[in-house]
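The values are calculated or read from the model by the stated rules, or taken from the named source; none is laboratory data. Owing to the predicted nature of the structure, the values given are computational and were not obtained by experimental measurement. Methodologically, a virtual Cβ is constructed for each residue, glycine included, from the backbone with ideal geometry; neighbour enumeration extends over all protein chains shown. Heads up: the accessible areas ignore ligands, DNA and RNA and are worked out on the full protein's heavy atoms, side chains in. Shrake-Rupley method; radii C 1.70, N 1.55, O 1.52, S 1.80 Å.
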Amino acid sequence: MSRTPRILAWTALAAVILLAFLPQFADRYYIQLFTRIMSSAIFAMSLGLLVSGAGLVSLGHAMFFGLGAYLLVFFSPGDEGAAIWWALPATMAAAAIAALIIGALAVRTSGIYFIMLTLAFGEMLFYLFHDSKLLGGSDGLYVNFRPTVAAFGRDLLSLDDRPTLFYVALVLMVATYLGIGMLLKAPFGRAILGIRVNEQRMKALGYNVYAYKLVVFAIAGALAALAGFLYATQYRSVNPVLFSWRESGLVLMMVILGGLRSRLGPAIGAFALVLVQEALQAVTDDWLIAFGVFVIVVVLLLPNGLAELAGKLTPDRLAKAANDG
Amino acid sequence: MDPVFFLIQVLNGVQYGLLLFLIASGLTLVFGILQVINLAHGSFYMVGAYLAFWFTARSGSLWIAILGGLPLALALGFVIERLMIRFLYRRDHLTQVLLTYGLILIFNEAQRIIFGSDPHSVTVPQIFEGSIRLTDTLSYPIYRLAVSGVCLILVMAMIFVIQKTRLGMYVRAGSVNREMVQLLGVDVGQLSTLVFATGAGLAALAGMVAAPLSSVYPGIGEHILIICFVIVVIGGIGSIKGAFIAALLVGLADTFGKVVVPEFASMSVYAVMAAILLWRPQGLFGRAG
Amino acid sequence: MTRQIKDKNLRLTRRAVLGGAAAAAAASTFPAPFVLAQSAKLKVGLMLPYSGTYAALGNNIADALILAVNEKGGKLGGREVEYVRLDDESEPAKGAQNANKLVVGEKVDILVGTVHSGVAAAMVQVVREEGTTLLIPNAGVGDATGKLCAPNIFRTSFSNWQPGYPMGKVAAEMGHKNAVSITWKYAAGEESVQGFKDGFATGGGKVTHDLRVPFPDVEFQALLTEIASIKPDCVYTFFAGGGAVKFVKDYDAAGLKKSIPLYGPGFLTDGTLKAQGASAEGLLTTLHYVEDLKNPINDKFKADFQKATGRPVDVYAVQGYDTGQVLVHGLAAVKGDAKAKKEFYAAMKSFKVSSPRGEWTFSKSQNPVQDFYLRKVENGENRYQKVAVKALAEPTEACKMA
C-alpha cells in the first residue's frame, strides 16, 4: 500500500477531530450510528491488512467478527458485565488462535481457491452457530450487561453511556489504524508487503512465506474480533448471520470501495458505505437500486476506489482542472 | 439403509447434481475463459425462472416460455457484457466482485419492482406430468427425469462444441492467451461477448427448466450462487468436465449428508470442498498454478 | 403489488420520515414543554419488511393496523398520529441498528414490529434498554414473551409453539400413534415442532424421527425418500413462503400425499395456495385464524380491508388489525399520554380483544391466549372445520412476569 497522500492524511485528521466533538452537538442517534460505523471501520481495516497488505482476499473474514461478538456473550456472566481488562484480550487471543487453526489449512492455497476456502470455513462456522441450540441457534444470543471498565473497585467508565462508548470506539479505531501502520513499517510488515508484491522472490530470499501469511491472518482475525466485541457491546444482541458470507462480502466491499492502494481505504469505505446508504434511504424507497448504481459508477470511474478521489482533488490538480475547464 | 432406498437416494443425488451442473456450467465458462468473477450469475438463473413464470402464466406452456425466454436471456447477457463486463477483463478480481455485486442489487430490485415478492408456481409441461411408482410409498416425478435428460444432452453438446469445433478451439485458445488469438485475426471482443451471453443463457435456461420444480420467489439467485462457486472451484476453474464431476459430487454429498449425517448436513458441501482443496489446491481438473 | 394505500389519510413513505429525522436532529437542542408534547403528534414506528420475501406480510400488517386506528377516528387517545415506516429487510444483522433508528433517532413513542424472529430478537434488546413500548405483530420467537419478557413488550400474534400444539392434539385424536417431523433447522421450526410434540403426546403420540433441512435449502428429495422408507402414520412440517410451496408440491409429486397424511401450522397454506395448486387440496392445518370464520367482526374486517387496500385479508392482516385495536384501547385509557406507562400497559394487558379471529386476551407474559382452528384446503381455499383447542396459552415458565 502506498503512503497516504498528504491531502488525504490531513482530511482524515480533520475528520477524527470532528468526530471527537460529535457527541457534544449531535443527537443520540448519530452518536450510536457513528459508533457502529467505527466498529465497521476497524473490521474493514483488519480485512484491509489481509487484502492490501498481504494480498490474501478472504471471503470468510466475518467469521472472526462473529466470533468476537459471540465470545463477549460467552465471557459475560448472566448477572453482571464482564471485566473488559480480561474479556477483550481473551476474545482477541481466542480469535487469533482460531485464525491460526483455520489459517494453517487455508493459507496453503492462494487466489480464488483461498477465497473459496475462507468462504467455506465461514459458512461452516455460520451453520455451527445457527444449527446448534447450545450456541444460541438461529435467533441468536444476548449480552445481559455490558462489559465493565473498573479498577480498584471503582467504575472508571460506563459503557452504557453512549458518548463514552463512542469515545472508546474512536480511540480503538485510531489505535487500530496507527497499529497497522506501525506493523507495516516494521520488518515483519515489510516482509508481508514483499510477499504480496512477489511471493516467489520472497521465497527465493529464504523467507518462510507460509509462516508470515499465517501470522498476518491471525492478527487480522484478532482485529476483526475486536470489532465484533465492540458490536456486541453496543447492541447486546448477536446473531449467526454475523458469520455469513453476506457480511464477509459487505466488509470486502468496504475495503474495495474505499480503495485498495490506500491504508485509509478500508475506513473510508466503511464510512462511505453506511453514510451513502443512510442518505439514499432518506431520499427514496428504491434506494437499493440507487446504491447498486453508485457501486457500479465508483468501480467504473474510480479504479482505485474512493481514496483516489482525494488524489484527484489535490490543489495542483484542481488548479489544472480550472485552467483546462 | 435398505438397498432399494439407497439406490433411490443415489438417483436423487445424481439428478440434483445434473441440475446443478446446468446452472454452474455457465459460471465455469465465464470464469475459466473470460477470467471474470461474475457474482450476478445467480441473477441470470433468477431471470430465467421469472421469465418462465411470466411466459407460462400467459401462454400456459413451458415450451413457449423456453422458446421465448431464452433469446431474451441471451440478449440480456449480450447487453450486460457490452455495457459493463468488457471493462472488467483487464481489471483485477476484486473489482469484478464489486461491480457484479452492484449488478445483483439492481437485478434484485428490478425483480421486486416488476414481479413483487410473492412465491409463484410454474406448471410442468403436460407430457411430463405424473410420477413413476418406485415403492409402495414413493413415486418419482417424470419431470425430474426429463430435466436430468436435458442436462445430460447439454453436457454432451457442450463438450462437443468446446472440444471438437473451431469455435470451441478459439474459445479455449482465448482463455490461455488472449492477445495471441487476437493477432491470429480472431475478434476476441466478439468471442468474449458470445461466451458471456452463452454463460448467461445457460444459467437462465437452468432457471426456466428448474422453475416447475423449485417454484419462483425472491432470493433463489443468491442461494444457488454459492453452490455454483463451490462446484466450479471443486471441479477446477474453466473445466467443463471438472464442473460435471464436481456437480455430481456435490449433489450426492448434499443428498447423503442430509440422510446419513443430518447434524452436519448444512456443512457437508463446504466440508467436501475444503477437503478437496486441501488435497488438490487447484481443484480436480484445474490447471495447476 | 403496491405499497401505497388508497386512502389518502394513510400516506406513509420513508421520505416523510427522514425529513423528520433532520428536524429531530435540529430540534434535539430545543426541549418541547410538557404541554406542547401532549398535544403533539403521537409517533408510531412501523418496523416491518417492506421488501424481500416477507414484503406482503409487512404491508398487510401495516395497512391493517392503520385501518384499525382510522376506524376509531384516526387518532390515538385523542392525539394525531404520525406513522414512521422503516423497512427492516428481514435482516437480523441490521435489526438493532434499525430499531435504534426509530427509537433513538425518530424518538417514536411506540414501536411496532416485526415479522422475522431474528430481527425481533434484536428489537427486544433495544426496547428493554430504552424502555420504549413494543408491540410484536408477528414474530413468534419464544423468548420475546419468555426469557426476555418485559412489561413494555406485547405480542398480538402467536408464539411459535402455539400453532403446533393443536395440530398435535388433532393428530392424536385422529388415531395416529407416531409421526415424523420435518422443517428447517432454525428456531421457529424447532419451537413449532415442540408444540406439535406436546400436543401429540396428550393423546399418546410420539414423534419418532426429526428430519431437518439446512436453512434455507429447499432441496427436499433426499428427506422425502427418507420419509417413504420410515412409513410413519403422519408427517408434521413447518415451512413458510417459497419453501412451503415447494415442499407441498414435492410431497405430492413423490406420491406421499396419498399414503401418509401431511399436517402443519397454518403457515404452510397461507399465501401459498395459488402456487401450490392441486397439491394442497385436502391439507389439514391449525392456526388462530381462518378466512371464513363466521363472526360479524371478521365479515366487516374482510370487506373494509379489501376496500382500503385492494387485497384480501390473511392472518397477518388480522394481527396488524388487532395491534391497532390494542393501541387504540390502551391509549384511550391514558388519554394519549404514552408516557404513563403503568396505566397504559395495565389497560392493554386487561383488554379483551374483539378480533376477526374471535375474542382473545393477553397472558401474564403478554402473549395472546386464543382459540386455534382446524382448517382444510377445499377448492383452493382454507375452510374452517372446527375449534381444535380453545383459549390456548403458551407455556410461561421462562417468563419472570408470569
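A few notes on this one:
- Cβ-Cβ FRET estimate between B:Asp2 and C:Ala398, R0 fixed at 56 Å, reported to 0.05: 0.85
- For the range A:158-302: rounded, prolate or oblate by the Cα gyration tensor [a/c cutoff 1.5]: oblate
- Accessible heavy-atom area order of B:Val232, A:Val57, highest first, probe of 1.4 Å: A:Val57, B:Val232
- Rounded to the nearest 20 debye, the dipole size of chain B about its Cα centre is 760 debye, using +1 on the Cβ of Lys and Arg and -1 on the Cβ of Asp and Glu.
- Shielding of peptide B:213-223 by partners, expressed as the average count of other chain Cβ atoms within 10 Å per residue Cβ, is 6.
- Measuring between alpha carbons in the structure, the pairs from C:Lys177/C:Lys249; C:Lys206/C:Lys231; C:Lys185/C:Lys364; C:Lys364/C:Lys400 lying more than 19 angstrom apart are C:Lys177/C:Lys249; C:Lys185/C:Lys364.
- Helix axis angle, C:315-333 relative to chain C longest principal axis, alpha carbon, degrees: 30
- Taking θ as phi - 60° and the Karplus parameters 6.51, -1.76 and 1.60, the scalar couplings of the range A:261-273 work out to 8, 10, 5, 8, x, x, 5, 4, x, 4, 4, 4, 4 Hz in sequence order, x denoting glycine and proline.
- For the range A:129-140, backbone phi angles converted through the Karplus equation (6.51, -1.76, 1.60; θ = phi - 60°) give residue-by-residue couplings of 6, 6, 8, 9, 5, 4, 8, x, x, 6, 8, x Hz, Gly and Pro being listed as x.
- Total accessible surface hidden between B and A, rounded to 100 Å², 1.4 Å probe: 3400
- Percentage relative contact order, chain C, counting C-alpha pairs under 8 Å, at least six apart: 17
- Residues considered: B:Val250, B:Val161, B:Val233. Largest GNM mean-square fluctuation over chain B, using C-alpha springs under 10 Å, is found at B:Val161.
- Extension reserve of the C:Ala278-C:Lys364 stretch, reckoned as 0.36 nm per residue once the Cα distance is removed: 26.7 nm
- Relative to the longest principal axis of the Cα atoms of chain B, the long axis of helix B:93-115 makes an angle of roughly 50 degrees.
- Inter-label distance, B:Arg166 to A:Lys185: 6.3 nm, where each label sits 7 Å from its Cα along the C-beta direction.
- Within the protein assembly as shown, helix-based [θ] at 222 nm, where runs of 4 or more DSSP H residues each add -39,500 (n - 2.57), nearest 500: -19500 deg cm²/dmol
- Net charge of Cβ neighbours under 10 Å - reference C:Gly95; Lys, Arg +1; Asp, Glu -1: -2
- If R0 equals 30 Å, the separation of the Cβ atoms of C:Ser354 and C:Glu129 corresponds to a calculated FRET efficiency of about 0.30.
- Rounded to the nearest whole Hz, the Karplus-based 3J(HN,Hα) values (6.51 cos²θ - 1.76 cosθ + 1.60, θ = phi - 60°) of the range B:146-151 follow the sequence 4, 4, 4, x, 4, 4, with x at glycine and proline.
- Most mobile listed residue (B:Val155, B:Val261, B:Val195) in chain B, GNM with C-alpha springs under 10 Å: B:Val261
- In this rough spin-label picture, where each label sits 7 Å from Cα along the Cβ direction, the A:Trp10-C:Tyr384 distance is 7.6 nm.
- Heavy-atom accessible area per residue - the range B:8-279, 1.4 Å, Å²: 37
- Paramagnetic label zone (point 7 Å from Cα along Cα-to-C-beta, C:Thr208; backbone N under 17 Å) in the range C:158-175: C:172, C:175
- Nearest-20 debye value, the range A:6-324 charge dipole, Cβ charges on Lys, Arg, Asp, Glu: 1160
- Database note for chain C: Cys without another Cys beta carbon under 4.7 angstrom, C:Cys234.
- Shielding of A:289-299 by partner chains, average beta-carbon count, 10 Å: 6
- Anisotropy class of the range B:2-158 from Cα gyration tensor, a/c 1.5 cut: prolate
- Accessible-area composition of chain C, carbon plus sulfur, in percent [1.4 Å probe]: 56
- When B:His120, B:His93 are compared by accessible surface with a 1.4 Å probe, the order from highest to lowest is B:His93, B:His120.
- Centre separation in Å (Cα based) which lies between the range A:200-240 and the range C:259-300: 51
- Loop-located trypsin sites (Lys or Arg not before Pro) in the range C:221-297 whose Cβ has at most 14 other Cβ within 10 Å (DSSP): C:Lys294
- Principal-axis tilt of helix C:117-130 within chain C, Cα atoms, nearest 10 degrees: 30
- Only one residue of B:Ser266, B:Gln126, B:Trp63 has its Cα farthest out toward the positive end of the dipole of the range B:8-279, where Lys and Arg carry +1 and Asp and Glu -1 on Cβ, and that residue is B:Trp63.
- Spin-label pair B:Ile153/B:Thr135, simplified geometry with 7 Å Cα→Cβ offset, distance in nm: 3.2
- Accessible area in square angstrom per residue, chain C, 1.4 angstrom probe: 34
- Hypothetical label at B:Tyr89: residues of the range B:145-187 whose amide nitrogen lies under 20 Å (7 Å Cα-Cβ projection): B:162, B:166-187
- Shape of the protein assembly as shown, Cα gyration tensor, a/c cut at 1.5: oblate
- Cut-off under 5 Å, modelled amide H: who pairs with C:Lys43 long-range: C:Glu82, C:Asp109, C:Ile110
- Residues whose amide H falls under 5 Å from that of A:Ala83, counting only those 5 or more places apart or on a different chain, are A:Thr148, with hydrogens built in the peptide plane.
- C:Gln306-A:Val283 FRET efficiency (beta carbon distance; Förster radius 30 Å; 0.05 resolution): 0.35
- Annotation: amide H of B:Thr137 has no partner in the under-5 Å range at sequence separation 5 or more or interchain, hydrogens built in the peptide plane.
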